[in-house]
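Since the structure comes first, as C-alpha cells, the remarks are kept for the end.
Each value in this text was obtained by applying a stated rule to the coordinates, not by laboratory testing. All of these numbers come straight from a predicted model, not from anything done at the bench. Note that we place each Cβ from the backbone using ideal geometry, even for glycine, and neighbour counts take in every protein chain shown.
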Amino acid sequence: MLRVAIALSFFIYASASDWRTRRVKNIVWMILGVIAFATLWVDMLATGAPLITQSILLPLAFLFADVFWDRERELGKPAGMLAIALYALSFLWIAYIGYTVLTGDTQWDDVSGPFVAFFAVILFELFYMFDVIKGGADAKAVICLAVLFPLYPDISDIVPIIRPAADAVLTFFPFALSVLFMGALASCAVPLYILAKNIRGGRKMGLRSLLGFPLPIDEVEKHFVWLIEWVEDGKVKFSYRKQRNSDMLKADLAALREMGLNEAWVTYKIPFIIPLTVGLLMVILVGNLLFLVY
C-alpha cells in the first residue's frame, strides 16, 4: 500500500505538470527513483535477502542513472567509454547471477524481483530509443515503476480483479509493462475525440480524421500541437508518423502561408503521463486486460 501511495502521489503531480506544460522535470523522477531504490533495498533487508540479490541494485542503479545522461554529447569521450564499460560489467554480472540460478546455487525466488526489474529497465530504454515510447518523461516514469514494483503488488484477494491463469505470466509481463499497455489503451480515447471533433466540423471523413485536425495557422503556436502538414520541394506533404520538429514550426507555418493556406493539419501533443496514471490505477484495481486471454 505504501508503494501504491507513493506511485500515485508522484504520477498525479506529474500528470498535472504534463497537462500544464507538456513537460515533467527530471527531479520528479530522480526523487521517485531514489525512493524506489530505498524501498526495494529495505524490502531486501527485511526479508533477509542474500548479498547476491542485493548486488543487483548496483547495475540497476547504473541503468537508472544512465537514463538522465546525454549520451550524444559524451559518446566517444572518456565518460562515454566508462559508460560502455559499466554496461558491459552490468550485463556480465547479471549473466553470472543467471548462471548461478541455472546451477542451483541461487534460488530464483531470491532474485526474481530485481532480476526482472533490470530487464524491464533495459526494455523501456529500447522502447524510447526506437520511439515506441515517445517522451523522455514517459520512459522515466515506467522505469521508476519497474524499480518500485519489481513484482506485482499483492494488496488483497479482491484486487486486482483480473489475474493470469499462470503465475509465470507475471514474470514475463512485469507490472510496469502492464501499466504501459493499459496506458496505451487509455490513450486510444484521443483519436476518437479527434474524430468527433472533425465530424462536428463537417469535414470529409478519412484516416486523416482520426489522426489530426485543421487549425488556423495563426492559432497553431498557441496550442500544444504537433504540425503534421508542411511544405517540402514546393509541395504540401502530410505525415502523422513523422511529426515536425518544434524548432522548425515558424518556418513551416510561413511556408504554408506562402502556399496560400489559412489552416494547417495538426495533432495533439498528448500528455501521456495522464493515460499512464489511468493505466496504473487500472492495473492495481482491475488488472491487465490481456490476462483475460491467459
For the chain, modelled as a GNM with alpha-carbon contacts under 10 angstrom, which of Ala46, Ala146, Ala189 fluctuates the most?
Ala46
Between 0 and 90°, nearest 10: helix 249-258 axis offset from the chain longest Cα axis
20
Under a cut-off of 18 Å between alpha-carbon atoms, report the lysines in cross-link reach of Lys77, not counting same-chain residues fewer than 8 places apart.
none
Gaussian network model of the chain, Cα within-10 Å springs - most flexible of Lys197, Lys25, Lys235
Lys235
Checking the range 121-210 for chymotrypsin sites (Phe, Trp or Tyr not before Pro) in a loop per DSSP with at most 15 other beta-carbon atoms within 10 Å yields Phe130
Can you list the lysines whose alpha carbon sits under 19 Å from that of Lys242, skipping same-chain ones fewer than 8 residues off?
Lys134, Lys250, Lys269
For the chain, built as a Gaussian network whose Cα springs stay under 10 Å, the top-fluctuating residue of Thr277, Thr47, Thr171
Thr47
May I have the pair-distance distribution P(r) for the chain, computed from all Cα-Cα distances with 5 Å bins from 0 and rounded to whole percent?
1, 5, 10, 13, 15, 14, 13, 10, 7, 6, 4, 2, 1, 0, 0
Give the aspartates and glutamates whose C-alpha is closer than 17 Å to that of Lys197, dropping any in the same chain fewer than 8 places away, or say none.
Glu219, Glu263
Can you give the direction-averaged projected area of the convex hull of the alpha-carbon atoms in the range 103-169, in nm²?
6.4
Most exposed to least, judged by fewest other Cβ atoms within 10 Å, Trp29, Trp226 sort to Trp226, Trp29
Residues whose built amide H sits under 5 Å from the amide H of Val266, excluding neighbours closer than 5 in sequence, are Phe213, Leu215, Ile228
Taking the chain and counting helices only, DSSP H stretches of n ≥ 4 at -39,500 (n - 2.57) each over all residues, the nearest-500 ellipticity at 222 nm comes to -19000 deg cm²/dmol
Where does helix 2-21 land angle-wise versus the long Cα axis of the chain, in degrees 0 to 90, nearest 10?
20
With everything on Cα atoms, drop me the angle between helix 136-148 and the longest principal axis of the chain, reported from 0 to 90° to the nearest 10.
20
Here the averaged projected area of the range 2-160, based on the convex hull of its alpha-carbon atoms and given in nm², is 11.0
Looking at the range 178-280 from every direction and averaging, what is the projected area of its Cα convex hull in nm²?
7.2
